[in-house]
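Have a look at the structure below before the remarks.
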Amino acid sequence: MEKRRITLPLTEELAGTLHAGDQVLVTGTIYTSRDAGHKRMCEALERGEEIPFDPKDATIYYVGPTPAKPGAVIGSAGPTTSGRMDAYAPTMMSVGARGMIGKGARLPEVVEAMKQYQGVYFGAIGGAGALLAKCIKKAELIAYEDLGAEALRKLYVEDMPLVVIIDSKGNNLYESGRAAYLAGKENA
């Protein structure tokens, strides 16, 4: 496990250097979307239409930020449960999106798609939305304004603290961490 700074976009080469358990400070452009936005994008892709941003090497943060207070870039921006995007994640990766930020476990078919498309799943700390919002330096609404908090936004982040939960080879911190914990209990 390593501590490091990375700069997006999340290219295949960069993704290949990340390992489950790595602590990273992420800088660069990310996009926000939750289940309603993902549903719209995947439906557009099924119809052969383009989505509102270039997904190549993109990282999508599963967040529905609260409204910004006066003078603030964005409101509280904590992660939502990633499992709600599991039905859409393989499709998004198939068109080039490589990074996902959220919280919670992912289905086996998402992990398989991550291995196929060199995807990386980053965990953000749930309950730390105000802290994470401080890392967001710019926020721009780009589509689906009618979805409110779930609208599609383009964010520029600096030193956003994340952990690699599942790497592009399918190594999963939730599984390896649990195994290490259980092994330690047996030896206690």
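Within the chain, which is the longest segment containing none of the GluC sites (Glu not before Pro) that sit in a DSSP loop and have at most 12 other Cβ atoms within 10 Å? Could the numbers behind the result be given before it?
Numbers: sites that count: 2, 49, 50.
Of all site-free stretches, the longest is 51-188.
Please give the net charge around residue 56, taking every other residue with its beta carbon less than 14 angstrom from that of residue 56, where Lys and Arg add +1 and Asp and Glu add -1. Spell out each step's value before the answer.
Numbers: positive: 98; negative: 12, 13, 50, 54, 57.
Every neighbour counted, the sum reads -4.
Sort 137, 154 by Cβ crowding within 10 Å, fewest neighbours at the top.
Details: 137 13, 154 17.
Least to most surrounded, the residues fall as 137, 154.
From the phi of every residue in the stretch 104-112, what ³J(HN,Hα) in whole Hz does the Karplus formula 6.51 cos²θ - 1.76 cosθ + 1.60 yield, where θ is phi - 60° and glycine or proline is x?
Karplus-based 3J(HN,Hα) across the stretch 104-112 equals x, 6, 10, 5, x, 5, 6, 4, 4 Hz.
When the Karplus curve 6.51 cos²θ - 1.76 cosθ + 1.60 is applied with θ = phi - 60°, which whole-Hz ³J(HN,Hα) does each residue of the stretch 14-25 get, with x for Gly and Pro?
Along the stretch 14-25, the couplings run 5, 4, x, 8, 8, 10, 3, x, 4, 9, 10, 10 Hz.
Taking other Cβ within 10 Å of each residue's Cβ, how do 94, 76, 33, 168 sort, fewest first?
Numbers: 94 13, 76 18, 33 29, 168 24.
Placing the least packed residue first, the sequence is 94, 76, 168, 33.
Under unit Cβ charges (Lys, Arg +1; Asp, Glu -1), what dipole magnitude, rounded to 20 debye, does the stretch 3-186 have relative to its Cα centre? Don't skip to the answer; put the middle values down first.
Working: 22 positive and 22 negative charges, 130 e Å.
Roughly 620 debye for the stretch 3-186.
Placing +1 on the Cβ of each Lys and Arg and -1 on the Cβ of each Asp and Glu in the chain, which of 70, 161, 172 has its Cα farthest towards the positive end of the resulting dipole?
The listed residue farthest towards the positive side: 70.
How far, in nm, would the chain grow between residue 19 and residue 145 when pulled straight, counting 0.36 nm per residue and subtracting the alpha carbon separation?
41.8 nm
Once you keep just the Cα pairs under 8 angstrom separated by 6 or more residues, what percentage relative contact order results for the chain?
Details: 422 pairs, mean separation 53.6, N = 188.
Result for the chain is 28 percent.
For the chain, modelled as a Gaussian network with Cα springs under 10 Å, which listed residue fluctuates most, 71, 170, 119?
71
Please list 3J(HN,Hα) in residue order for the stretch 171-176, calculated via the Karplus relation 6.51 cos²θ - 1.76 cosθ + 1.60 where θ = phi - 60°; whole Hz, with x for glycine and proline.
So the Karplus estimates, Gly and Pro as x, are 5, 10, 4, 4, 7, 5 Hz.
Fewest first, what order do 132, 8 take by the number of other Cβ atoms within 10 Å?
Working: 132 25, 8 19.
Starting with the residue having the fewest Cβ neighbours, the order is 8, 132.
Straight distance only, please: which aspartates and glutamates reach the Cα of residue 115 with their own Cα at less than 13 Å, same-chain residues fewer than 8 apart left out?
Cα-Cα hits under 13 Å: 12, 167.
Once you place label points 7 Å from the Cα toward the Cβ at residue 180 and residue 84, how far apart are they in nm?
3.0
Would you calculate the separation in nanometres between label points at residue 47 and residue 156, each defined as 7 Å from the Cα along the Cα-to-beta-carbon direction?
Here the modelled spin labels are 3.2 nm apart.
Measure out, as a whole number of angstrom, how far apart the alpha-carbon centroids of the stretch 1-67 and the stretch 71-148 sit.
Between the Cα centre of the stretch 1-67 and that of the stretch 71-148, the gap is 6 Å.
Can you tell me the Rg and the Dmax, both Å, for the Cα atoms in the stretch 46-174?
14.5, 43
Give me the number: length gained by fully extending residue 105 to residue 137, i.e. 0.36 nm times residue separation minus the C-alpha to C-alpha distance, one decimal in nm.
Roughly 8.7 nm would be gained on extension.
Which percent, to the nearest 5, of DSSP beta bridges fully inside the chain are antiparallel?
On the way: 20 of 35 bridges.
DSSP beta bridges in the chain are roughly 55 percent antiparallel.
Any read-out appearing in this document is the output of simple, stated calculations on the displayed coordinates, not a laboratory observation. Everything numeric in this text was worked out from a predicted model, so none of it was measured. So basically every Cβ, Gly included, is an ideal-geometry build from the backbone, and we count neighbours across all protein chains shown.
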